[in-house]
Structures are given as structure tokens and as C-alpha cells.
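A short write-up of the structure that comes next.
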Amino acid sequence: MSDFDYDLFVIGAGSGGVRASRIAASHGARVAVAEEYRVGGTCVIRGCVPKKLLVFGAHFAEDLKDARKFGWDVPDCKFDWPVLRDNVLAEVDRLEGLYGQTLDNHKVTVLKTRATVAGPQKIRLADGTELTAERILIATGGWPHVPEFPGSEYAITSNEVFHLERLPKRVVIAGGGYIANEFAGIFNEFGSKVTIVNRGDTILRGYDEQIRDRLLQISMTKGIDFKFNAPFQSIEKKDDGTLTVHLEGCDAIDADAVLMATGRTPNTKGLGLEEVGVELDKKGAIKVDERNQSSVPSIFAVGDVTDRIQLTPVAIREGQAFSDTFYGEKPTVVDYSNVPSAVFSHPPIGAVGMTEAEARNKLGSIRVYTSDFRAMKNVLAGRNERALYKMIVNAATDQVVGLHMIGPDAPEILQAAAIAVKAGLTKTDFDATVALHPSMAEELVLLK
């Protein structure tokens, strides 16, 4: 019989923590997981899942208008934010229940309370109860970063945006990353006046330049306003509840809501990690090796709290690898090369592999193929919005080392194409594949 209360104690029941708990338990480990908020974590409760549902809702704004060109007699429609909000939150409740049921089915003990690290193999719950475990896994994810300036307390983050009482008529969004651009598209389609304010001079840093430039062009055409090189000075709240945003080098902007989408930080504050010797980086992320092990041998971490690649599927892979390695006798190391990503903007972006700039710097000699076209649906609907597909090829080996796409359903197409990039297929392999016609995806095998 073990001297510990549990073989594994997981702090955080998000995507990575739930996967690690379930898999470890299926391998026979005695597992407990503590979650101070809701089972499911950022992705399910206040992240990608409810956000994607809002994206679906936003698409109807253009779809309903376009339907008239396809022969449908569609009357003028109005959007009801509370209906969508409540339906989305109900779906979140359903998914939370399924996550809890999954843990119950695998006999994982779920403790709905805050837990902190009290020692290398000791956990302290919020009520003071202390438990022991042979291994502790930190899977507490990330938390929205809000810069400090006068009036910053009046802003909301992606945590609160799904619970807005009413749809704001004017929204200022701070940031230039995927969260900022996704919510800009959502609110714009719902009819809000949207202004993106970025302290830098570019959006979607890390994505291919041509792709992000195309999104900027389309977003501006749709009516989204952009302010670059414009740090926040203050937010002033008026008597009627509206806000005035003061920026450096720009006129003040009146708004009904200000959304801070200025990045996420590892959620390690107050967990007691440094006190027991766990090494953190300057952002507060837990430093781990390829086995997800921290500087304390009995303490491990997966997901956004390690600040490697902040994507839900990566956290899930890390949780699976951890449990297979230490409880399933299947040593596994996560491969972080060619991880696909998406931005669910309007239109969406899909990407995998190296950008053109990265490939030129790393490989030197490359070939670049592009297809700049209007989707068939947009043609008949009378929309001038153009898609752009881009393929990066290593000139020396013919290997496809990057695919970057913006256009309708780009992420759906990119997921399958990412397999080819991961497998190291060549441009010749793409060329040898017969096109599926008529489709947008066929552009990938017709690039010249």
C-alpha cells in the first residue's frame, strides 16, 4: 500500500489536466484533481468553445444577406444578443457536465476547491486540509493580462465577454493577436462599431505577412477601425456608464465596452511553487523538460502554465504524454514541430509550418506558390472578398515546409493539409494529387 493519499494529484481541471487525470486513472493510478472554478478550463468554459459558437452566430449576418442572391426571400432580420449568449452558456454547462462525468467514470476524485503546493509531495486545500501525492501535476493554464493604467479596471477580458448583459454598440479592443481579431470580427458582424487599438504596428505577429495583411485589408473593408502605435493612457467612466478611451497620439474614443486582449500569462501566482523550489521563468511559467518535469522531481506541469505553445490540443498532447510516460509504461515525448493553428477571424486563417520569412532565414533557397481567388460563393453573392493560399517549399528538397491560408473554412481545409506538411510530403506529391472540383481546397494541388 502506498504511503501517499494519491499516486497523482492534478491542480487544474482544464484540457491538459483532465486528459492527464483520465489517462493516469485508466492506467490504474489513484488520481485526484482540484479545480477552483469549473471543470473544463479556459477552452471549454471561457475560451475556444464558446468563442467558436459566437463565430458561428456572427457568420449568419453575412449568410442571411447572401441568401437573397441564391434565391431565398429573406426578410430583414435583427440580432438578439441575450438569446445567443444564453444558448452558448447553456452549451458550456452541458460540456462541463460531460467533463465531470468522464472523470467520474474513470474514478478520478474531483475536488471543487483551490489547491496549492505545500511541499514536493504535499497539497493544501483552501480549507486547510493537507493531502499527499507521489507526483503533483500543475495544469492551471493561463490568465488574461491587463496592463495597469488609470481606469484599466473598467475594461473586460475574454473571461467576462461571454456574460455581457447587452451587446455594446461601440467596442474598443486592445491588442493585435488572435483574441483581438476574432472578437473584432464577432462584434462587427453583430453590428457593433469596432476599433482595434494596438500599441505596436502589426497584427497577428508570428503569422505570414501576406496573410495578416490580407486580414487587415478585409477587416478595414468590413468597417473595423485600427489604431496602431497607440498605447493606452487611461479609460474614463462617465455618469451614464459609457467609457472614453484616451490614447497616446490619437483622439479619444467613446465606447460602451473596452475589451483587453493583450495576451495571457501563466497562472502560477500564489500556488506556492517557488517556495518549494520550482523554477519559474520571468513570465511566471513553470520551466519543464521534455518529460514535463520541473526542477522539483515530483512536480510536473503541462499546458499554458508552461508557456510553450498555448493551444488546447498541445495541452492535451502533453497531458496524455505525461500519463503514458509515468503510468502507462509508454514513454512519450511531444513533438512541437509543424503544429497547426487557426484564427477564427472573418474570414478565418489556417497555418502550419514556416512562414515565408522564417523559411528564407532558415533554408535560404525556397519557392513560394500562391493562389489569390474569390470563393465561388462570394462571386455569386456579389462579395469582392478574396481568399489567399500560400505554399512554402524548400527549393533543395521540394519538401513543403509551410502552408498559410485565409478564406472561408480555411481551418477546416488546413487540418487535413497539415498532415501532408507533418509527413514531409513534397510539392510533387501535391501536384500528383487529382483536384477535387469544384472546391476551394483544390487550389492546394493546382498551385503553379
Could you figure out which of (1) closer than 22 Å to I179 by Cα; (2) among the charged types (D, E, K, R); (3) not in a helix (DSSP H, G or I) isn't true of D127? (1)
State yes or no: is G284 more than 23 Å from V33 (Cβ to Cβ) and either under 25 Å from the mean Cα position of the chain (by Cα) or in a loop (DSSP other than H, G, I, E, B) (or both)? no
Answer residue from the stretch 217-248, given it is exposed (fewer than 15 other Cβ atoms within 10 Å of the Cβ), among the small types (G, A, S) and in contact with a strand residue (DSSP E or B) (Cβ under 9 Å, 6 or more places away or on another chain) and is farthest from I156 (Cα to Cα) among those: G223
Give D307, D324, D281 a once-over and let me know the one that is buried (at least 16 other Cβ atoms within 10 Å of the Cβ), among the charged types (D, E, K, R) and at pLDDT 95 or above. D324
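Let's see how each residue does on (1) surrounded by 14 or more Cβ atoms within 10 Å (Cβ to Cβ); (2) assigned to a loop (DSSP other than H, G, I, E, B); (3) not hydroxyl-bearing (S, T, Y):
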| site | (1), (2), (3) |
| --- | --- |
| D73 | no, yes, yes |
| F79 | yes, yes, yes |
| L84 | yes, no, yes |
| L89 | yes, no, yes |
| R94 | no, no, yes |
| Y99 | yes, no, no |
| T102 | yes, no, no |
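Restricting attention to the stretch 296-312, which residues are more than 15 Å from R19 (Cβ to Cβ) and touching a Gly at 6+ places or on another chain (Cβ under 6 Å)?
V296
Would the stretch 201-216 turn up any residue that is basic (K, R), buried (at least 18 other Cβ atoms within 10 Å of the Cβ) and under 16 Å from A257 (Cα atoms)?
The first filter runs over the stretch 201-216 and keeps only residues basic (K, R), leaving 205, 212, 214.
With buried (at least 18 other Cβ atoms within 10 Å of the Cβ) added as a condition, the list becomes 212, 214.
From what's left, under 16 Å from A257 (Cα atoms): none.
No, the stretch 201-216 contains no residue that is basic (K, R), buried (at least 18 other Cβ atoms within 10 Å of the Cβ) and under 16 Å from A257 (Cα atoms).
If I filter the stretch 50-67 for residues that are assigned to a loop (DSSP other than H, G, I, E, B) and either among the small types (G, A, S) or assigned by TED's automatic domain parsing to the domain that holds A133 (or both), do I get at least one hit? Spell out how you get there, then give the answer.
Applying the first criterion (assigned to a loop (DSSP other than H, G, I, E, B)) to the stretch 50-67 yields none.
Checking the stretch 50-67: not a single residue is assigned to a loop (DSSP other than H, G, I, E, B) and either among the small types (G, A, S) or assigned by TED's automatic domain parsing to the domain that holds A133 (or both).
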Given the conditions (1) assigned to a strand (DSSP E or B); (2) under 18 Å from G14 (Cβ atoms), which single one is not true for V172? (2)
Among residues of the stretch 252-272 being part of a loop (DSSP other than H, G, I, E, B) and more than 27 Å from G119 (Cα to Cα), the residue farthest from the chain's Cα centre (by Cα) is A252
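Would you confirm, using the coordinates I've provided, whether K448 is among the charged types (D, E, K, R) and assigned to a helix (DSSP H, G or I)? Step through it out loud before you land on a result.
Working: among the charged types (D, E, K, R): yes; assigned to a helix (DSSP H, G or I): no.
No.
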Residue pairs, Cβ under 6 Å, 6 or more apart or interchain, first in the stretch 12-36 and modelled with pLDDT of 95 or more, second acidic (D, E) and part of a helix (DSSP H, G or I). List them. G16/E318
Residues satisfying the stated conditions in the stretch 339-365, i.e. more than 24 Å from F183 (Cα to Cα) and either assigned by TED's automatic domain parsing to the domain that holds L311 or surrounded by 18 or more Cβ atoms within 10 Å (Cβ to Cβ) (or both): G353, M354, T355, E356, A359
How do the pairs read when you match residues in the stretch 367-385 that are touching a residue at least 24 places away in the same chain (Cβ under 8 Å) with residues anywhere that are surrounded by 13 or more Cβ atoms within 10 Å (Cβ to Cβ) and of a type in the set (F, W, Y), using Cβ under 7 Å and keeping only pairs 6 or more apart or on different chains? T370/Y389; S371/Y389
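Of all residues in the stretch 13-30, which are under 13 Å from T312 (Cβ atoms) and not aliphatic (A, V, I, L, M)? I'd like the intermediate steps shown before the answer.
Our first condition is that a residue be under 13 Å from T312 (Cβ atoms); within the stretch 13-30, this holds for 14-19.
Matches in the stretch 13-30: G14, S15, G16, G17, R19.
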Does the stretch 414-443 hold any residues that are buried (at least 21 other Cβ atoms within 10 Å of the Cβ) and either more than 19 Å from S337 (Cα to Cα) or not small (G, A, S) (or both), and which are they? L414, V421, M440, E443
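The values are calculated or read from the model by the stated rules, or taken from the named source; none is laboratory data. If you're wondering where the values come from, they're calculated on a predicted model, not measured in any experiment. Note that each Cβ is placed from the backbone with ideal geometry, even for glycine, and that neighbours are counted across all protein chains shown.
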